[in-house]
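Heads up, the thing below is written out as structure tokens.
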Amino acid sequence: MKQKVNILVAGSGNVTGMNVIKALVEEDNVNVFGCDFDPINPSNQWCPTFEVPRCASSEYPIAILSLISKYNITHIIASNDHDVRSLAELKSKTEGFPYFNGYAENILACLDKKVTEKLFQNAGVQTPLEVTNKYDFPYVLRKEAMGNKKKFVHIVKSEEDIIGIPQEHYENGIMTRFVEGIEYTVDILCDSNSNMLSAIPRKRINVVGGMVHHAQIVKDEKLIALCAKLAKSVGLVGMSCIQCITDGVNYNFIEINPRPGSGIDLSINSGVNMPLLWLKETIGEEYSLNEPQWGMQMKRYYSGYYF
């Protein structure tokens, strides 16, 4: 980087936050700071990390604004839906707020699965239809509004699968038709006009607790083209990740996350440092767009944090 930037990674203690931090800490003129409600987290290994209240707290905006002022923060990346929601609401009310990754007209709409369904339809891409009867199998029950309480996902194929699902999940969820196929997460980077600069589809081979543990980069030209169409229609800005399931013919889009995904480290290590590219794009600094190492795979493993 030629110009000095000070970036705050919100939710620095989770896998996504740490992947973003590690992608930036060794860059010249990039000062990285982290914040998290848990003061003891692995991001302490790479950058100064500050404890802040949980996102739902009325004290959270005060803590964030204090960090922005004290450390002259120029850019913010949120690593999870809770921080996305709170920071987007704060930016909308605050003059002179730093560059915030993903901030655009539909950033909060992407956190509501029913509204996201309409965004897919408006963009002319395929998405699983909503189910209105909980006995109309098979379907997927997911939390409708993201970023306020814990998320949940249930695959329901029979009455037996309904047993044990809390009623509040049906009250606060959305049911969509279950579709078979290979699941992809596509890391995308867009400029300020929602033109897609880079798209890297990651095949989710093994997922544990919603986080990918084995993935492979696949060059699917049709999927990449559909993501470019979707990004322009929705108005995505900066880094996002889009989830899609395909049988090779039909492409059903499931989610738009206006933030980096937990598997972005695979894209970064394939040769496309999206966090750094986003920084350069925001300040008008020249950059080159590399092709990723197509076919690269990742196997995630656990490592301890000793202190």
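What to note about this one:
- Set of lysines near K4 by C-alpha distance (under 28 Å), chain-local residues within fewer than 8 positions excluded: K22, K70, K91, K93, K280
- Helix 113-123 and the longest principal axis of the C-alpha atoms of the chain enclose an angle of approximately 90°.
- S92/V208 FRET efficiency (R0 41 Å; Cβ-Cβ; nearest 0.05): 0.70
- Virtual paramagnetic centre 7 Å along Cα→Cβ of K219, amide N under 16 Å, in the range 165-193: none
- Averaged over its residues, the range 43-158 has an accessible area of 52 Å² per residue, based on protein heavy atoms and a 1.4 Å probe.
- Compared with the dominant principal axis of the Cα atoms in the chain, helix 81-93 is inclined by about 60°.
- Residues whose placed amide H lies under 5 Å from that of H213, excluding near-sequence neighbours: N206, V207, V208
- Spatially proximal lysines relative to K151 (Cα-Cα < 20 Å; intrachain offsets below 8 disregarded): K113, K114, K134, K143
- Rounded percent of accessible protein surface that carbon and sulfur make up, the range 121-223, 1.4 Å probe: 46
- Distance between the range 26-71 and the range 113-192 - C-alpha centres, whole angstrom: 32
- 3J(HN,Hα) from dihedral phi, the range 190-204, Karplus parametrisation 6.51/-1.76/1.60, rounded to Hz, x for glycine, proline: 10, 7, 5, 9, 6, 7, 6, 8, 8, 9, 10, x, 10, 6, 8
- Net length available on complete extension from K114 to E285 is 57.8 nm, with 0.36 nm assigned per residue and the Cα-Cα distance removed.
- Point-to-point label distance, K4-S69, nm (Cα→Cβ direction, 7 Å offset): 2.1
- Using R0 = 35 Å, the C-beta based FRET efficiency linking I162 and N122 works out to 0.60.
- For the chain, the longest principal axis of the C-alpha atoms and the axis of helix 274-283 are separated by about 60°.
- Cβ-based net charge around V237, under 15 Å, with every Lys or Arg adding one and every Asp or Glu removing one: 0
- Per-residue ellipticity at 222 nm, computed for the chain from helices alone with -39500 (n - 2.57) per DSSP H run of at least four residues, works out to -8000 deg cm²/dmol.
- Note on the chain: Rg/Rh from Cα positions, Kirkwood definition for Rh, rounded to two decimals, is 0.95.
The values are calculated or read from the model by the stated rules, or taken from the named source; none is laboratory data. Computed from a predicted structure; not experimentally measured. Neighbour counts run over all protein chains shown; Cβ positions are idealised from the backbone, glycine included. Accessible surface areas use protein heavy atoms only, side chains included; no ligands, DNA or RNA. Shrake-Rupley method; radii C 1.70, N 1.55, O 1.52, S 1.80 Å.
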